[in-house]
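Have a look at the structure below, then the notes.
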Amino acid sequence: MVEVKNKCIEEVIMVVKNENKLVRFHTFQYNSLTSTEKYLEQMASNGWMLEEISGGVKFIFKKSEPVKLHFSVNIFSEGSEFDTHLLETNLEYIEYCKSAGWTFACTSGKVHVFYSEDENTPVIDSDPMIKLKTIHKIMGPKKMLIGSIMSAMAMIQIVYSLTVGLNQTEQSSLVFSNLVLWIFVLVIWAIQMIGYSAWYAKAKYAVKNGDPLPDVKNADFRGFVIILAAFSITYCGILCCAGIVLHEYINFVVIPICLSIFVLLYVSYKIMQVSEKRMIGRTGLKFITLLIVPIGFSSLMFVMIVGLVILYGAKSENQNADMITNTSAFKYDGVELGEYEQRYSERGTFLIKSYYYVLQGRSAYKSIKSWDFYVWETKIPAIHNRLIGEAIDGSMFRTMGIILNPTNTEIMIGFDTKDVNVYASQSEDDYEYLLYDEDSIVKLRSQTKLTKEQFDVIYKDIMN
Amino acid sequence: MFKPPVLTETTHGDIISIINIEYRYNNWGLHVRKEGVTMAREKYKTLTEQMFYILICLQKECCGIDIMEMVQSMTKSRITIGPGTLYALLADFVKQDFIRETAVDGRKKSYRITSLGQQMLDNEYTRLKSLVDDYGRSKK
């Protein structure tokens, strides 16, 4: 009862514009046309007769008397997805179907819809083997080719994000969301490819045994997955290209990009509608919509991103200068270290918070030129332990900055650092010190060897 | 040794050499010509009932659409050819040169079997007959 009520409310909302017309969005695939037939039969028995399929997904129904009809939704292999009106070959095909007792309802690309009142009207595709071959010819290569490319791209991205680029993934919410999206892409396309292969194997077996082609289960859900797949391709492609060049600045463009995809889809859909109305066919407006618009859109995005790179790139060059926070004499407990400028920049804000700052002597006071601090903070013990391990064993490509020379590393003895572990190493020009406690890891690079007093001052300043 | 394909002429003059001859490699990588008529495509090695009846009907010139009714009356409705399957098969047969278009009247096209198609039909008949004969002998 509740279901019926909901359905009525839904229908009322749908028909509010025109009482005699009902618009429903329905997705179908070439191997799930039986479910579309059942859907149309149900709609006809409810008094809604299919009038038109617009844009491949918009089913427009006309109010009629409830009638029990048999629908046949068929693929015409010589038709094209770019067709917007019936060509001579289509008409010839329709003539054949009419002579067998079917009435033509409408067409959408390769798909032609017929109906008949007589239950015993001969099935249009009476040879399941030919039907299977037609479906496979249209769906198979496309699905497998795109699926393989997308899965391979996703695998490369996922492996990169979890190995070489793991620290970036943990530092940036954007890179992390990019990883999640690629996992999503991999799952979608794996489902698509495995699902299709399983269906094809099952269908082949059924045809060999003389059974009809099996229908795809959850066809609506699969249609939804395909739409999601299309979204994820566009989104990941743009995000990936932009993320490489823009890093965190992409945060400013992610939302407009997401919104613009919806705008693009809407505009494409509208152009397709216009092209269908004006009957502009294979080389016309629909062709432009389906091919040129996405390419043009991607190019526009690329130009936009390059523009932003130039814009923000110029800004980031002066970033350090902007980051001067104070100028102060660095003194502690009577130990004077000189007057410094402090420059600060934030790098990561996600699972790992990382920042970098420099204390630079304003003059060549006490021969100290600059101290560089690389600070990592994380509340996740697993990440913390890994970072320390990498810092100590010198896996430099992962830790970017916490680089010690393991052969020359020694635990510093004699510093007053109760809960903090300190390692020190000396390279050709620099002295490097690694300090860590429960939450943070700090690398200090100095151009002079620090005395115990100096180190104490710095330690207390940065750790407290 | 490699031998060039022998060109064969059909009754209406079309050259059909390529689809008649199959080349294979032997163990030494040399071309070996397989003699005799080989099927253009694997699926026509044995004809389905629907294919068989379409070719039977087209031994006399007739319109594509009429084939559905002819087959139904010929087989007393045992075999029904769907319009979609009929359209696809006719297009494929024309492509494979088993039948040819003889007349076009608006959207109504008439077809007739070619000598290659006739050969296919005869082969199928021989195959089926040998099945029936074998069955008959086994009963004696």
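Which one of B:LEU89, B:ILE113, B:GLN72 has its Cα pushed farthest toward the positive end of the charge dipole of the stretch B:42-139, where Lys and Arg give +1 and Asp and Glu give -1 at the Cβ?
About the Cα centre, the residue reaching furthest to the positive side is B:GLN72.
For an R0 of 41 angstrom, estimate the FRET efficiency from the Cβ-Cβ distance between B:SER77 and A:ILE194 and round to the nearest 0.05. All intermediate terms of the calculation are to be shown ahead of the outcome.
Details: r = 42 Å, r/R0 = 1.02.
Computed FRET efficiency for B:SER77 and A:ILE194: 0.45.
Once fully extended, how much extra length lies between A:LYS38 and A:THR89, figured as 0.36 nm per residue of separation less the alpha-carbon to alpha-carbon distance? Walk me through the intermediate numbers first.
Values: separation 51, 0.36 × 51 = 18.36 nm, distance 2.72 nm.
That works out to 15.6 nm of additional length.
Under a Cβ-Cβ cut-off of 9 Å, what is the net charge of the residues other than A:LEU69 that fall near it, where Lys and Arg count +1 and Asp and Glu count -1?
Working: positive: A:LYS68; negative: A:GLU41, A:GLU117.
Within the 9 Å Cβ shell, the charges total -1.
Hey, with R₀ at 30 Å, roughly what FRET efficiency would A:VAL164 and A:ILE380 work out to, going by the Cβ-Cβ distance, to 0.05?
Working: r = 20 Å, r/R0 = 0.66.
Given R0 = 30 Å and the Cβ-Cβ separation, E is 0.90.
How would you order A:177-184, B:98-105, A:430-437, A:205-212 from highest to lowest mean count of nearby Cβ atoms within 10 Å? Intermediate values should be presented prior to the final figure.
Working: A:177-184: 18.2, B:98-105: 15.5, A:430-437: 19.9, A:205-212: 11.9.
Order by mean packing, descending: A:430-437, A:177-184, B:98-105, A:205-212.
Non-local amide H neighbours of A:ILE352 (under 5 Å, H modeled in plane, Pro and chain starts lacking H): which ones?
A:GLN171
Measure off 7 Å from each Cα along the Cα-to-Cβ vector at B:LYS139 and A:LYS58, then give the distance between these two points in nanometres to one decimal.
Those two pseudo-labels are separated by 6.5 nm.
My understanding is that a pair violates if its Cα-Cα distance is over 18 Å; which of A:LYS142/A:LYS208; A:LYS131/A:LYS208; A:LYS143/A:LYS270; A:LYS353/A:LYS379 do that in this structure? Working shown, then result.
Values: A:LYS142/A:LYS208 25 Å; A:LYS131/A:LYS208 13 Å; A:LYS143/A:LYS270 26 Å; A:LYS353/A:LYS379 9 Å.
As for pairs spanning more than 18 Å Cα to Cα, those are A:LYS142/A:LYS208; A:LYS143/A:LYS270.
Determine the gain in length on full extension of the stretch A:ASP118-A:MET155; use 0.36 nm per residue of separation and subtract their C-alpha separation, reporting nm with one decimal. Kindly include the intermediate steps, with their values, before the conclusion.
On the way: separation 37, 0.36 × 37 = 13.32 nm, distance 5.22 nm.
Full extension of this stretch gives 8.1 nm more.
Which net charge results for the neighbourhood of A:GLY210, defined as the other residues with beta-carbon distances under 14 angstrom from its beta-carbon, given Lys and Arg at +1 and Asp and Glu at -1? Walk me through the numbers on the way to the answer.
Working: positive: A:LYS131, A:LYS204, A:LYS208; negative: A:ASP127, A:ASP211, B:GLU49.
That sum, taken over residues with Cβ under 14 Å, equals 0.
Can you pull the one-decimal nm distance between simple spin-label points at A:ILE146 and B:LEU128, each 7 Å off the Cα toward Cβ?
For the pair A:ILE146/B:LEU128, the computed spacing is 4.3 nm.
Multiply the residue separation of B:THR102 and B:GLN119 by 0.36 nm, subtract the distance between their alpha-carbon atoms, and state the gained length in nm to one decimal.
Working: separation 17, 0.36 × 17 = 6.12 nm, distance 1.91 nm.
Using 0.36 nm per residue and subtracting the Cα-Cα distance, I get 4.2 nm.
How crowded by other chains is B:87-97, given as the mean number of beta carbons from other chains within 10 Å of each beta carbon? Before the final figure, lay out each step's value.
Working: counts 12, 12, 2, 1, 5, 1, 0, 0, 0, 0, 0.
Across the residues of B:87-97, the mean count of other-chain Cβ atoms within 10 Å is 3.
Where a number appears in this text, it was derived from the coordinates with a stated rule and is not lab data. This structure is a prediction, so every number in the text was calculated from the model and none was measured. Please note: Cβ atoms are built from the backbone with ideal geometry, for glycine as well, and neighbour counts cover all protein chains shown.
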